[in-house]
């Protein structure tokens, strides 16, 4: 009898294994085509070191518009059509939650709005939206212009790293709108602390002394202490402001950690991408003399309408720069500093006959959509006139789309309007390495941050 029992158990085990194998094979046959690369690391190195278009285009030619791979240790599906982007970001967004590297989540803070999903995300996003309404943005024009002029005047007669300078400017704008002005905060220490923290965003999350992530986590704790001090001073004073910090403090359900995470998150979102776009904007204008001349004429006309040279821009001025707006949109398309976004499937999803498995990362590839010649003819040409007509839905996604789209998109464009205005009307510049390549930090920027030499115009006619 014992032998029969063992035989029976063995038979059941064989049937179970056969069933599991067949189920795995059936799922495998339904997975998108592609290669997974090396164990664990997959194709991460290729993905992050090659030109963003090159990695996917080589796979696209071989496998089609939906491809499987392995990135940062996770199985992933890359998708490069407007329809796929719409599915993931809009129509079926509830099936794809935001997903970021662990190091970035820990350093920014897991409670930051762009790490959230569902009802809690909606609640935090609704709170933050109040800080980016047209009325709030309109009131910030003067402060942003003052920061821009202070930054740009410091460039006089100097050779600068354009990206580094613009990143500092964007940080100051982001922090000013997030936390206002606090005389008890050392701005230089604040900037240096943040710079130390951000160095670990894309590192291995190893919190042991000697590792980059550990140094960044120490800076993160210091940043949390600075924000906690600002919260305490505001509560002691009884003065409640309408900036990001003040808006979050008005919600009694939010803890100090949740407030700090979202303040750091807003500052993070406000600087790298905006600074990258402005750097590319200068590069494209430098390489397009006729477009630059037309842009300058547009801004000279605005300056001529002012009663004095010291009169600042208004929000209405910034909304009356149609050519500059097209130049900004074309820069956003051509540079596409946000090449893709990470999502994670919360359950098995069928798409075009393929299976996207629960837990797999999903990457809508914005850059490949923006550089698709069927959507944007001659896609590598810098041509602002292509935005004289609005692009088709889901083909232009510089700020994402759907419930997780960028809250500060209009603020970012306002920074660019103000920056371009003063750049073309008050300064001259020369790129020191105009034919240099591209660095990936991880956002693409011209090589070495695009060094240039800047001088003030002596006359309006220059």
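A short reminder: the numbers here are calculations on the coordinates, not readings from a lab. Since we're looking at a predicted model, the values are computed, not measured. No Cβ is skipped: glycine too gets one built from the backbone with ideal geometry, and neighbour counts run over all protein chains shown.
Brief remarks follow.
- What the Cβ-Cβ distance of residue 438 and residue 199 gives, at R0 = 22 Å and to the nearest 0.05, is a FRET efficiency of 0.60.
- Taking a ≥ b ≥ c as the square roots of the Cα gyration tensor eigenvalues, the range 312-399 comes out prolate, since a/c reaches at least 1.5 and a/b is larger than b/c.
- With Cα atoms, 0 to 90° folded angle of helix 212-237 axis to the chain main axis: 60 degrees
- The range 126-203: C-alpha gyration tensor shape, a/c 1.5 cut-off, then a/b vs b/c: oblate
- Of all DSSP beta bridges confined to the range 337-444, the antiparallel ones make up roughly 90%.
- For a modelled paramagnetic label at residue 235, 7 Å from Cα along Cα-to-Cβ, the residues of the range 163-194 in reach, with backbone nitrogen under 20 Å, are 179-185.
- Working from label points 7 Å from Cα in the Cα-to-Cβ sense, the residue 316 to residue 143 distance is 2.3 nm.
- Shape call, the range 34-456: gyration tensor on alpha carbons, a/c limit 1.5: oblate
- For the chain, averaging the sequence separation of C-alpha pairs within contact (under 8 Å, six or more residues apart) and dividing by the residue count gives a relative contact order of 23 percent.
- Ranked by the mean number of other Cβ atoms within 10 Å per residue, highest first, peptides 416-427, 83-94 order as 416-427, 83-94.
- For residue 36 and residue 390, the difference between the fully extended length at 0.36 nm per residue and the C-alpha to C-alpha distance is 123.7 nm.
- Compared with the dominant Cα axis of the chain, that is its longest principal axis, helix 322-335 is turned about 40°.
- Pairwise centroid distance, computed over Cα atoms, of the range 84-163 with the range 266-304, Å: 20 Å
- Angle in degrees between helix 52-63 and the longest Cα principal axis of the chain, rounded to the nearest 10: 30 degrees
- In nm, spacing of pseudo-spin labels at residue 161 and residue 48 (7 Å Cα→C-beta vector): 1.9 nm
- Label-to-label distance, nm, for residues given as residue 255 and residue 212 (7 Å Cα→Cβ offset): 3.0 nm
- Sorting 357-370, 102-115, 60-73 by their mean Cβ neighbour count within 10 Å, with the most densely packed peptide first, gives 357-370, 102-115, 60-73.
- Computed E for residue 293/residue 403 - FRET, C-beta separation, R0 41 angstrom, nearest 0.05: 0.50
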